[in-house]
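Novice: This is the structure I want to talk about, given as structure tokens.
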Amino acid sequence: MNLESLPLFSQVMRVLCSYRISEFQVSDIFSKVILLGVENNNINYQNVYRLVQRLVKEGYLIINNIKNPYTTYTETDGMMNLRDQFCIETNDTILELVKEQKQLELVILSLREEVDIYDELKRCYPDLQFKIEQLKQIKTREIRLIKNKYNALSSLISYLEE
């Protein structure tokens, strides 16, 4: 039976693609699989356990010190081959990131326009200048935070497209 035909293989592979496995127990892997929306039950835990055992058998994971009261696993160099085979970013994910980046661009533009209008409001309402200036500073910080997220998305997209 091929590894990819085993139950929960795709979810476990998503974990293996996201983490370097070092001193992991089956429960560590299972807890990350649960975060992917898999139901927390004994059957699914057993499926993950069997898959981990199969990864050991295939030489992708090794069992650490057997004298340890808890069995822990560490990946071998062969794990990179498995990742190369199954850890492929989908174009849908990249398109989603690009879409989010464009939305952030629009939010930044809108906030900049809003900040520019505050100067006009200070002239129209001189008795509110202090409060308007405070709000302007808040919005300016918000622009900076959104720009940082935009830049992070840009770097991630570039990295994924390499």
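The values are calculated or read from the model by the stated rules, or taken from the named source; none is laboratory data. The model shown is predicted, which means the values in this text are computed figures rather than measured ones. Here Cβ is always computed from backbone atoms with ideal geometry, including for glycine, and neighbour counts include all displayed protein chains. Remember, those area values only see protein heavy atoms, side chains included, never the ligands or the DNA or RNA. Shrake-Rupley method; radii C 1.70, N 1.55, O 1.52, S 1.80 Å.
Novice: Can you run down the residue pairs with Cβ atoms below 8 Å, 6 or more apart or on separate chains, where the first is in region 135-147 and more than 23 Å from Tyr125 (Cβ to Cβ) and the partner is among the hydrophobic types (A, V, I, L, M, F, W, C) and part of a helix (DSSP H, G or I)?
Specialist: Ile146/Leu104; Ile146/Val107; Ile146/Ile108; Ile146/Leu111; Lys147/Ile108
Novice: Enumerate the helices (runs of 4 or more DSSP H) found wholly within region 1-108, keeping only those where 1 or more residues are open to solvent by 70 Å² or more (accessible area, probe 1.4 Å). Step through it out loud before you land on a result.
Specialist: On the way: elements: 9-18, 26-34, 42-57, 78-86.
Passing ranges, in order: 9-18, 42-57, 78-86.
Novice: Related question: Going residue by residue through region 141-153, is there one that turns out to be within 27 Å of Val12 (Cα to Cα) and surrounded by 11 or more Cβ atoms within 10 Å (Cβ to Cβ)?
Specialist: Within region 141-153, the subset within 27 Å of Val12 (Cα to Cα) is 152-153.
With the extra rule that they be surrounded by 11 or more Cβ atoms within 10 Å (Cβ to Cβ), the set shrinks to 152-153.
Within region 141-153 (the criterion being within 27 Å of Val12 (Cα to Cα) and surrounded by 11 or more Cβ atoms within 10 Å (Cβ to Cβ)), the answer is yes, since at least one residue qualifies.
Novice: Filter region 109-118 down to residues that are open to solvent by less than 80 Å² (accessible area, probe 1.4 Å) and in contact (Cβ under 8 Å) with a residue 12 or more places away in the chain, then give me how many there are.
Specialist: Narrowing region 109-118 to residues open to solvent by less than 80 Å² (accessible area, probe 1.4 Å): 110-111, 114-115, 118.
Then keep just the ones that are in contact (Cβ under 8 Å) with a residue 12 or more places away in the chain; that gives 111, 114-115, 118.
Looking only at that region, the number is 4.
Novice: Evaluate the following for Ser110: is it of a type in the set (S, T, N, Q) and within 30 Å of Tyr19 (Cα to Cα)? Talk me through it step by step, then tell me what you get.
Specialist: Working: of a type in the set (S, T, N, Q): yes; within 30 Å of Tyr19 (Cα to Cα): no.
No; evaluated as a whole, the condition is false for this residue.
Novice: On to the next question. Going by the structure shown, is Glu96 out of contact with any strand residue (DSSP E or B) (no Cβ under 7 Å at 6 or more places or on another chain), farther than 30 Å from Ile157 by Cβ and free of Cβ contacts under 8 Å to residues at least 40 places away in the same chain? Can you show your working first?
Specialist: Values: out of contact with any strand residue (DSSP E or B) (no Cβ under 7 Å at 6 or more places or on another chain): yes; farther than 30 Å from Ile157 by Cβ: no; free of Cβ contacts under 8 Å to residues at least 40 places away in the same chain: yes.
No.
Novice: For region 45-56, how many residues meet the condition of being within 13 Å of Leu6 (Cβ to Cβ) and either among the aliphatic types (A, V, I, L, M) or modelled with pLDDT under 90 (or both)? Outline the logic, then answer.
Specialist: Taking region 45-56 and keeping what is within 13 Å of Leu6 (Cβ to Cβ), we get 46-55.
Okay, now just the ones that are also either among the aliphatic types (A, V, I, L, M) or modelled with pLDDT under 90 (or both), so 48, 51-52, 55.
Going through region 45-56 one residue at a time, the tally reaches 4.
Novice: Continuing with the same structure: Answer yes or no as to whether Thr71 is more than 16 Å from Tyr19 (Cα to Cα) and touching a strand residue (DSSP E or B) at 6+ places or on another chain (Cβ under 9 Å). Break it down into steps so the answer makes sense when it comes.
Specialist: Values: more than 16 Å from Tyr19 (Cα to Cα): yes; touching a strand residue (DSSP E or B) at 6+ places or on another chain (Cβ under 9 Å): yes.
Judged against the criteria, Thr71 is a match.
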